[in-house]
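Only one structure is covered here, and it is reproduced in the block below.
The values are calculated or read from the model by the stated rules, or taken from the named source; none is laboratory data. None of the values given here were measured: they were computed from a predicted structure. Positions of Cβ are backbone-derived with ideal geometry, glycine not excepted, and every protein chain shown enters the neighbour counts. These accessible areas exclude ligands, DNA and RNA; they are computed on the full protein's heavy atoms, side chains included. Shrake-Rupley method; radii C 1.70, N 1.55, O 1.52, S 1.80 Å.
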Amino acid sequence: MNKKLTVLVLTGAMACAMALPAMAAGNTATPTSTPVSAEISVSLPDSVLYYGTVQEIVKDAEGNITQLRMNSERYGAYVMNLTDQIVWIDSGRRTASEPAALREGEGLYVFHSAVETSSLPPQSAAFAVVRNIPMDAGCAQYHQVEAVSLENGQLKIITDNGGLYLLADEDTTLSVYGSDEATALEDIQAGSYVMAWYGAVAESYPSQAHAVHLMLLPGEAQAQESTLTRGELAMMLYEQAGKPSVNFAMDYTDVADDAAYAEAVRWISSEGYMGGYGNGAFGPEDAVSREQLVTVLWRYAGSPMLMDYPGLSQFSDVGEISRFAQPAFAWAHQKGYITAVEGDVLAPQLECYARHTFRSQEKKIILDNGLLLNCFFLESLKFLV
């Protein structure tokens, strides 16, 4: 069987186009913590609007902003995780903004993922930071273009899970984020991301508004698929755990001290979630099989044991599950997190593949049609037990 198991790096889905901070108060983040089948339509918003004040700006060694610790009377304390792919918007000038000018105490709109940690304060990945916020209802709003139609010079953008129609025409000014290049209504396509400036929103369903300005944002990078390696899986879980420092003697023959995954391997080995092969090697570049992935996540969830579980007997290749992975497969199947790849085949030895796209900070793993785990944002997998 040549079918590949794909581990998808997904985005959380988007929908927050409220004209006023008060209107956005009802748009709260919803953690993704339940299994989702490929046949089930997930209606999470692609982004959520948070309005608050910057309490602390966290930077890396190169001076890049990696985190904003914020507070809001409406939304409470929140931590926004930033990458170099975030967009910075000056709403008043309708241009890109310079992040180096950001100061503590400044009020911001932050459009962030609908997926958040269950920590206090919660954390999430930020997609757009909006500064220089006007006092009226015309602040820049972040939208994913779900569908478009262009008729008689008028562009209709469908966004917010079909709940909002943005109309643009010859009176709508256009720009490209961080560039002076010209653009046209025809350049806005389904799948694009835009910042939109508009005022009143018609109280209908779908709601409608006329865009006075649209800024076309950088698009999704072309998805690149590659084998999910043991080193990459270790790094995903290590990042999710907050990159803890551990004092653990690691002497794998194939893990150099300066390797990108070295500290992740040290941590994951110290926790017992992954180990070496017994010949002194860890195999950081080796592909992760289906049964290896399930076993690592089972251990990460606390190694829950089931007694006399008959559910796997329906599969024709159950005998191919390695002894070490059998409790993990039983647990995952009993919980509904794993099903057959096709027919009655579990394919425990099937390799996992990773697909990395624009929002690579959100690493969600999909194992066949049943298992959905978020290995970056959820601070633990306790919800699986």
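Please state which one of 114, 126, 137 is small (Gly, Ala, Ser), more than 17 Å from residue 192 (Cα to Cα) and part of a strand (DSSP E or B). Even if it seems obvious, please write down each step before you answer.
Working: 114 fails: part of a strand (DSSP E or B); 137 fails: part of a strand (DSSP E or B).
The conditions single out 126.
Mind checking which residues of region 84-130 are closer than 19 Å to residue 179 by Cβ and of a type in the set (S, T, N, Q)?
Once the filter is applied, which keeps residues that are closer than 19 Å to residue 179 by Cβ and of a type in the set (S, T, N, Q), region 84-130 yields 85, 91, 95, 97.
Only one of (1) at pLDDT 85 or above; (2) open to solvent by 20 Å² or more (accessible area, probe 1.4 Å); (3) under 28 Å from the mean Cα position of the chain (by Cα); (4) closer than 28 Å to residue 339 by Cβ is not met by residue 231, so which one is it?
(2)
Under 6 Å by Cβ, and 6 or more places apart or on different chains, what pairs join a residue from region 142-157 that is on the phi < 0 side of the Ramachandran plot with one that is among the aromatic types (Phe, Trp, Tyr)?
142/111; 144/193; 156/165
Which ones in region 183-214 are of a type in the set (Gly, Ala, Ser), touching a residue at least 24 places away in the same chain (Cβ under 8 Å) and either in a loop (DSSP other than H, G, I, E, B) or open to solvent by 40 Å² or more (accessible area, probe 1.4 Å) (or both)?
190, 191, 192, 199, 200, listed by residue number.
Filter region 330-343 down to the residues that are open to solvent by less than 80 Å² (accessible area, probe 1.4 Å) and more than 26 Å from the chain's Cα centre (by Cα), then identify the one that is nearest to residue 294 (Cα to Cα).
If we take residues in region 330-343 being open to solvent by less than 80 Å² (accessible area, probe 1.4 Å) and more than 26 Å from the chain's Cα centre (by Cα), then 330 is nearest to residue 294 (Cα to Cα).
If you check residue 304 against the conditions, is it in contact (Cβ under 8 Å) with a residue 60 or more places away in the chain and part of a loop (DSSP other than H, G, I, E, B)?
Values: in contact (Cβ under 8 Å) with a residue 60 or more places away in the chain: yes; part of a loop (DSSP other than H, G, I, E, B): yes.
In short, yes.
How many of the residues making up region 263-297 are over 17 Å from residue 325 (Cβ atoms) and touching a strand residue (DSSP E or B) at 6+ places or on another chain (Cβ under 8 Å)?
Qualifying residue count, region 263-297: 2.
Let me spell it out: the conditions are (1) within 24 Å of the chain's Cα centre (by Cα); (2) modelled with pLDDT of 90 or more; (3) open to solvent by 50 Å² or more (accessible area, probe 1.4 Å), and residue 118 meets all of them except one. Which number is the exception?
(2)
Looking only at region 159-217, count every residue that is among the charged types (D, E, K, R) and touching a Pro at 6+ places or on another chain (Cβ under 9 Å) and tell me the total. Talk me through it step by step, then tell me what you get.
Step one: of region 159-217, the residues among the charged types (D, E, K, R) are 160, 169-171, 180-181, 186-187, 203.
Among the residues that remain, those that are also touching a Pro at 6+ places or on another chain (Cβ under 9 Å) are: 160.
Number satisfying all stated conditions: 1.
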